[in-house]
Amino acid sequence: MSDQKSDKALSFIPSHFSYRIRLFLYSLALFIAAAFMSQPSFAGSNDVDVKIAQRDFMRIMLSAEFGGNTKFANSIKKYDTSVRFAIINHAKLDRRPAVRSFIWELPEKIKGLKASVVSNPNKANFRIHVVDKNQYAAVMRKDILKNKNAKVHGQCFVRVSPGKQKGISATDVVIVSDRDERTFNRCLVEEVLQGLGPLADKGHKGYSVFNSASKHHSFTLHDRVLLNALYDPRIKAGMSKKQVKKIISNVIRDCIARLQPS
């Protein structure tokens, strides 16, 4: 490096340092920058991998974590009608504004999804219970499982009920409010989105919130592609894996082209 070029390159480092120290700091900065550039592009970035998104769609949308080997579990699950959300806050902290804000964003982020918030839970087909951790078991047994002796696991819950024909007829979600903010946000995002159809925790842990090992707690771009593909009109409720395989590549590519920033 010539003296002129080196002086220009090192100009951002305070001049009171010796030349050797400045050169060392400059080299260290280049090394750190190169290391960051070599890291994989995870969800939340502006890049969506077509093959990973397609694989995740098949694994997440066409199975269910607790659905067994049933026709409903192994077919496309989605709402064919408008989703009417009701928020029932049992917790000390009123989480309704945060939950409502997330719901209102969904139709903007998922093309084809129609959603509203209703005040009467009896008029809803998607009910969200927000509880404190000491309320979780009681609410689960009384309002969800309808069994006072039922065993209760986990810290958040989602149950999707099949329609008489095809699609989803109702969803019940329970979210714990008072563990910590990150847990609340992750449960809110994952359980509400799963309640719309993606019921298996088989997503890529580096890109998707639909994986118990994932560190994501927001609605990632990768997952937005998956949900937009699910609510694309070409993907019908009740479709089999064989039927989806024929068209999913084009659907995923179209969603990426529409959602991914240029």
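Brief remarks follow.
- Here Lys148 is the anchor, and the aspartates and glutamates within straight C-alpha reach of less than 20 Å, apart from those fewer than 8 places off in the same chain, are Asp132, Asp172.
- From phi via Karplus (6.51, -1.76, 1.60), per-residue ³J(HN,Hα) for the range 92-102 in Hz, x at Gly/Pro: 5, 7, 6, 8, 4, x, 5, 5, 4, 4, 5
- Each Lys or Arg adds one and each Asp or Glu subtracts one; over the other residues with Cβ under 13 Å from the Cβ of Lys133, this totals -1.
- All-pairs Cα distance distribution in the range 52-120, expressed in whole percent, bin size 5 Å: 3, 13, 17, 15, 18, 18, 11, 4, 0
- For the range 105-197: rounded, prolate or oblate by the Cα gyration tensor [a/c cutoff 1.5]: oblate
- Listed pairs Lys166/Lys246; Lys111/Lys241; Lys51/Lys78; Lys77/Lys245; Lys78/Lys142 exceeding 18 Å between Cα atoms: Lys166/Lys246; Lys111/Lys241; Lys51/Lys78; Lys78/Lys142
- Amide H contacts under 5 Å for His129: Ile88, Val173, Val174, Ile175, restricted to partners 5 or more places along the chain or on a different chain, H placed in the peptide plane at 1.01 Å from N.
- Leu196, Leu259, reordered so the largest accessible area comes first (probe 1.4 Å): Leu259, Leu196
- Reachable aspartates and glutamates, given that their alpha-carbon falls under 17 Å from the alpha-carbon of Lys236 and they are not under 8 places away in the same chain: Asp80, Asp254
- The residues packed around Ser177, meaning those with a beta-carbon under 9 Å from its beta-carbon, carry a net charge of +2 if Lys and Arg are +1 and Asp and Glu are -1.
- Rounded to whole Hz, the Karplus (6.51, -1.76, 1.60) HN-Hα couplings of the range 138-145, x for glycine and proline: 5, 5, 4, 5, 7, 9, 10, 7
- Taking amide H as placed 1.01 Å from N in the peptide plane, the amide H of Val83 sits under 5 Å from that of Lys114, Ala115, Ser116, each at least 5 places away or on another chain.
The values are calculated or read from the model by the stated rules, or taken from the named source; none is laboratory data. As the structure is a prediction and not an experimental result, all values here were calculated from the model. With ideal geometry, Cβ positions are generated from the backbone for all residues, glycine too; neighbour counts draw on all protein chains shown. Ligands, DNA and RNA are stripped out before the accessible areas are found, and what is left, the full protein with its side chains, is counted by its heavy atoms. Shrake-Rupley method; radii C 1.70, N 1.55, O 1.52, S 1.80 Å.
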